[in-house]
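Engineer: Take a look at the following structure, please.
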Amino acid sequence: MIQKTVLSFNLKKSEETITARSGLTLFSEFLHALKLPSIVNSSMPKTLSNHGFDAWDYVHPTLLTLYGGGETIADTREIRDDEALKEICKIKTVPSESALGDWLRRMGDRNGISCIKKINKHMLHDILRRKNVKEIVLINDPSLIKAEKRDAKMTYEGYKGYRPAMIIIQELGLIAHYEFRDGNDNGRKLDFFKEVFDVLPSTVKVKLVLMDAEFYDGAIFSLLIEKKIDFAIAVAKDEAVMESINQIGPNEWKQCKDKDGVGLDKEYAETVHVMNTCPKAFRMIVLRWKDPKNPQAYCYHAMATNIESCSAQQVIWTYNSRSCGENDIKELKNGFGMHRLPCGDFKANACCN
């Protein structure tokens, strides 16, 4: 015989304020633990009115909105209407949507972006100091943000959007340098790369650079050689590169293996290559595999490196570790809402991003 147990509950109405966004409080506490409110208020341009809001009054709800899944400035109303969340997060007031939009555009037109770069540099130095980091590996991975904005430009993927440039510290998954760009902007490589060394503290040494073909540039190679930094950079397969690859003999190709010694369906070989814009020759390690569309042909991927202490196979493993940058970018986009562009203005979105 099955005995049934009946449970009874007494329900009462509560006058306490509650929130469905309690998870945002942890993010807010994280921001306060980094002392970001005082850093933002002291770094960003001051309001011209005695009755105006501080910079943190704009930045805080915007960060919470993006982190919480909001997509436009209008979504800040969710923060504005949540009394419990505002109380826990110590938010006294949330500017109106029009005020927030005007402030972002003003920051973009004034020196707001340069101030944000200073804030990022301050935070970067603080984190590296706390972690006691002395040597780092720099990696990059191209990223696109699809956006139907009026000023968005066509990307190489065939849709309109933006193409932010970023360089990541591999050991920490931390972005060392970032620049918001139009979808068709692929310039300023050398200057952007030089800025990385300007933002890093002098106590931190860059021991290795792993980059995609975007940074296959003789001037960047010369800079890294001058600074005595090892690098492995993907090669842009131009006519001169393909000529060098075609000169590799059939007996020079070896089976590529993973770190566990398991054979892969790829082969590798190496040769020496030189660029007109870089006075010093470098190792070029080439991977090839059967073209799935044409079994009689090969697909090729090559990387340029000045690393002499490792075998070609070890250089391939080292370069492949760059793929972890994809996860860092996904975390930035999906975890912190950076794939959402809440404004219609390029400079305002640059401030948000």
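The values are calculated or read from the model by the stated rules, or taken from the named source; none is laboratory data. Note that the structure is a prediction, hence the values are computed from the model and not measured. Ideal geometry is used to build each Cβ from the backbone, glycine not excepted, and the neighbour counts take in all protein chains shown. Just the protein is used for accessible areas: all its heavy atoms, side chains included, with ligands, DNA and RNA removed. Shrake-Rupley method; radii C 1.70, N 1.55, O 1.52, S 1.80 Å.
Engineer: Give the number of residues within the stretch 177-203 that are out of contact with any helix residue (DSSP H, G or I) (no Cβ under 6 Å at 6 or more places or on another chain), assigned to a loop (DSSP other than H, G, I, E, B) and surrounded by 15 or more Cβ atoms within 10 Å (Cβ to Cβ).
Structural biologist: Residues that pass the stated criteria total 5.
Engineer: Something else: Mind checking which residues of the stretch 155-189 are touching a residue at least 40 places away in the same chain (Cβ under 8 Å) and of a type in the set (Asp, Glu)?
Structural biologist: Hit for the stretch 155-189 is ASP182, nothing else.
Engineer: Please determine whether any residue of the stretch 330-339 is part of a loop (DSSP other than H, G, I, E, B), in contact with a strand residue (DSSP E or B) (Cβ under 9 Å, 6 or more places away or on another chain), buried (at least 16 other Cβ atoms within 10 Å of the Cβ) and not hydrophobic (A, V, I, L, M, F, W, C). Write out each step before concluding.
Structural biologist: Taking the stretch 330-339 and keeping what is part of a loop (DSSP other than H, G, I, E, B), we get 336-339.
Cutting the leftovers down to in contact with a strand residue (DSSP E or B) (Cβ under 9 Å, 6 or more places away or on another chain) gives us 338-339.
Still in the list and also buried (at least 16 other Cβ atoms within 10 Å of the Cβ): 338-339.
Filter once more, keeping what is not hydrophobic (A, V, I, L, M, F, W, C): 339.
Within the stretch 330-339 (the criterion being part of a loop (DSSP other than H, G, I, E, B), in contact with a strand residue (DSSP E or B) (Cβ under 9 Å, 6 or more places away or on another chain), buried (at least 16 other Cβ atoms within 10 Å of the Cβ) and not hydrophobic (A, V, I, L, M, F, W, C)), the answer is yes, since at least one residue qualifies.
Matching residues to (1) part of a helix (DSSP H, G or I); (2) over 18 Å from ILE88 (Cβ atoms); (3) in contact with a strand residue (DSSP E or B) (Cβ under 7 Å, 6 or more places away or on another chain); (4) open to solvent by less than 80 Å² (accessible area, probe 1.4 Å):
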{"residue": "ILE18", "(1), (2), (3), (4)": "no, no, no, no"}
{"residue": "LEU26", "(1), (2), (3), (4)": "yes, no, no, no"}
{"residue": "GLU29", "(1), (2), (3), (4)": "yes, no, no, no"}
{"residue": "ILE39", "(1), (2), (3), (4)": "yes, yes, no, yes"}
{"residue": "PHE53", "(1), (2), (3), (4)": "no, yes, no, yes"}
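Engineer: Right, something else. Which of the residues belonging to the stretch 65-89 are in contact (Cβ under 8 Å) with a residue 12 or more places away in the chain and in a loop (DSSP other than H, G, I, E, B)? So that I can check it myself, show each step before the final result.
Structural biologist: If we filter the stretch 65-89 for residues that are in contact (Cβ under 8 Å) with a residue 12 or more places away in the chain, which is where we start, we get 65-80, 82-85, 87-89.
Those that are in contact (Cβ under 8 Å) with a residue 12 or more places away in the chain and in a loop (DSSP other than H, G, I, E, B): GLY68, GLY69, GLY70, GLU71, THR72, ASP82, CYS89.
Engineer: So which residues in the stretch 55-77 are of a type outside the set (Ser, Thr, Tyr), open to solvent by 40 Å² or more (accessible area, probe 1.4 Å) and within 21 Å of ILE127 (Cβ to Cβ), if there are any at all?
Structural biologist: Listed by number, the list holds a single entry, LEU63.
Engineer: Would you check if there is a residue in the stretch 99-114 being touching a residue at least 40 places away in the same chain (Cβ under 8 Å), in a helix (DSSP H, G or I) and within 18 Å of the chain's Cα centre (by Cα)?
Structural biologist: Yes - at least one qualifying residue is present in the stretch 99-114.
Engineer: Residues of the stretch 257-280 being free of Cβ contacts under 8 Å to residues at least 12 places away in the same chain and surrounded by fewer than 12 Cβ atoms within 10 Å (Cβ to Cβ), which ones?
Structural biologist: Residues satisfying the conditions are ASP260, GLY261, VAL262, GLY263.
Engineer: So ASP126 ticks every box in (1) modelled with pLDDT of 85 or more; (2) of a type outside the set (Val, Ile, Thr); (3) open to solvent by 40 Å² or more (accessible area, probe 1.4 Å); (4) over 18 Å from MET211 (Cβ atoms) but one. Which box is left unticked?
Structural biologist: With (1) modelled with pLDDT of 85 or more; (2) of a type outside the set (Val, Ile, Thr); (3) open to solvent by 40 Å² or more (accessible area, probe 1.4 Å); (4) over 18 Å from MET211 (Cβ atoms) applied to ASP126, the lone miss is (3).
Engineer: Is it the case that some residue within the stretch 79-95 is over 21 Å from the mean Cα position of the chain (by Cα) and either of a type in the set (Phe, Trp, Tyr) or at positive phi (or both)? Even if it seems obvious, please write down each step before you answer.
Structural biologist: Taking the stretch 79-95 first, the residues over 21 Å from the mean Cα position of the chain (by Cα) are 79-95.
When the remaining residues are screened for being either of a type in the set (Phe, Trp, Tyr) or at positive phi (or both), the result is 90.
Checking the stretch 79-95: at least one residue is over 21 Å from the mean Cα position of the chain (by Cα) and either of a type in the set (Phe, Trp, Tyr) or at positive phi (or both).
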